[in-house]
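Before any comments, here is the structure.
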Amino acid sequence: QLQLVESGGGWVHAVGSLILSCAASGRTFNLYAMAWFLQAPGKEREFVAGINWTGTSSYYADSVKGRFTISRDLANNTLYLQMNSLKPEDTAEYYCAADGTYGFRDMAKFGSWGQGTQVTVSS
């Protein structure tokens with residue numbers, strides 16, 4: 001059983017920065033691709049960024065390209081999302097996903113999920 005626990009969310013002013021972390025435990029040898037998704041109130045969950053198993057390749061939603069950076073620490077089984085130049089529209093619950101297929105942005109392509117961490121950006 002794979003467990004994913006997100007942390008690092010909080011409240012920040014616009015143009016500020018936050019770093020989200022996702023600690024994986026349990027069946028960590030089988031993580032495949034990982035990703036971050038967000039879900040704003042009343043909206044569907046949407047893709048933010050994805051990364052391959054080795055951490056050598058990544059892809060982003062157009063809305064965060066150039067502002068967010070996804071990375072992973074294989075030794076410590078941790079996924080990160082560095083978020084810079086935050087905007088109020090980035091306010092959402094952010095979810096870590098694993099057991100995924102690299103290159104896809106569809107929730108259905110990721111088999112394991114964390115519980116989420118809230119990010120609130122004020123103007």
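The values are calculated or read from the model by the stated rules, or taken from the named source; none is laboratory data. Bear in mind that the values here come from a model prediction, so they are computed numbers and not experimental data. Cβ sites come from the backbone with ideal geometry, for glycine too, and all protein chains shown count toward neighbours. The accessibility values were calculated without ligands, DNA or RNA, using every heavy atom of the protein model including side chains. Shrake-Rupley method; radii C 1.70, N 1.55, O 1.52, S 1.80 Å.
For region 22-53, a residue qualifies if it is in contact with a Leu (Cβ under 8 Å, 6 or more places away or on another chain), open to solvent by 50 Å² or more (accessible area, probe 1.4 Å) and in a loop (DSSP other than H, G, I, E, B), and the qualifying residues are Arg27, Arg45, Trp53.
On inspection, Tyr59 fails the criterion of being touching a Gly at 6+ places or on another chain (Cβ under 7 Å), at pLDDT 95 or above, under 18 Å from Glu6 (Cα atoms) and not polar (S, T, N, Q).
For region 54-66, state whether one or more residues are in contact with a Leu (Cβ under 8 Å, 6 or more places away or on another chain), surrounded by fewer than 18 Cβ atoms within 10 Å (Cβ to Cβ) and not hydrophobic (A, V, I, L, M, F, W, C). The answer is yes; a qualifying residue exists.
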